[in-house]
Amino acid sequence: MLSNRRIATLAVALTALVLLSAACSDTTGLPAPFFTNTVDTVSLYALRGTLVTQPSAYTLDAAQAVRTDQTTALDFAFDFDSLGAPALFPTGAINLGQLSGVQTSTTTFDALTLAPTGGYIFDKPLALDTGTVVLVRSRPTQCSFGVTLSLYAKLRVLSVDSTARRLDFEILVDRNCGYRGLEPGLPKQ
């Protein structure tokens, strides 16, 4: 039998899930978008076999590459999987909680205009190759208007250098809470 405390915790979690789902599919009532979506080119270095001073991970809320020795506030990291293939690791795959997610897309990078709310992988690495298009859902992020939501991004692998253990990709992050737009410019409301 569930205790009153567990029932209350479950009720709060379900309410948050409903609010998150509603906010992610409808921008009505959200503050006007502030951040302009732009495409950036980024390089990440493998978690293992490279200098710790090189960035190995990426955070969507700051839209930047980060060093894993300086922060755990990341949404995915780059490394080679157990078979030696290049892969993106969401936070659950590197024991930082199952908060961020990744998924491949068959749609081209430029044709992706809206991030899906489901279908993300949270606890396993996602194998990559040149040209792979990936959708990313961030860990829950505290928005300026008092709600916690995920941010969304798309990326395309430009190259993988196995010798340098480096991944080069282009990425577009929608840093506006509650928005899932993946087009350059100010997201549509």
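Tabulated values for the structure
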| item | result |
| --- | --- |
| Count - residues of region 46-60 that are crowded, with 19+ Cβ neighbours inside 10 Å and either of a type outside the set (G, A, S) or in contact with a Cys (Cβ under 7 Å, 6 or more places away or on another chain) (or both) | 4 |
| Index of the failed condition, L182 passing every other in (1) closer than 17 Å to D61 by Cα; (2) surrounded by 14 or more Cβ atoms within 10 Å (Cβ to Cβ); (3) at pLDDT below 95 | (3) |
| Some residue of region 23-35 being surrounded by fewer than 15 Cβ atoms within 10 Å (Cβ to Cβ), assigned to a loop (DSSP other than H, G, I, E, B) and touching a Cys at 6+ places or on another chain (Cβ under 9 Å) | yes |
| Residues (assigned to a strand (DSSP E or B) and not hydroxyl-bearing (S, T, Y)) located in region 38-60 | V39, D40, V42, L44, A57 |
| Meets criteria (of a type in the set (S, T, Y) and free of Cβ contacts under 8 Å to residues at least 60 places away in the same chain) for T50 | no |
| Qualifying positions in region 108-157 - β-branched (V, I, T) and outside any loop (DSSP other than H, G, I, E, B) | I121, V133, V134, V136, T141, T148, V157 |
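The values are calculated or read from the model by the stated rules, or taken from the named source; none is laboratory data. Quantities reported herein were computed from a predicted structural model and do not represent experimental measurements. Because the Cβ atoms are built from the backbone with ideal geometry, glycine has one as well, and the counts that use them run over all protein chains shown.
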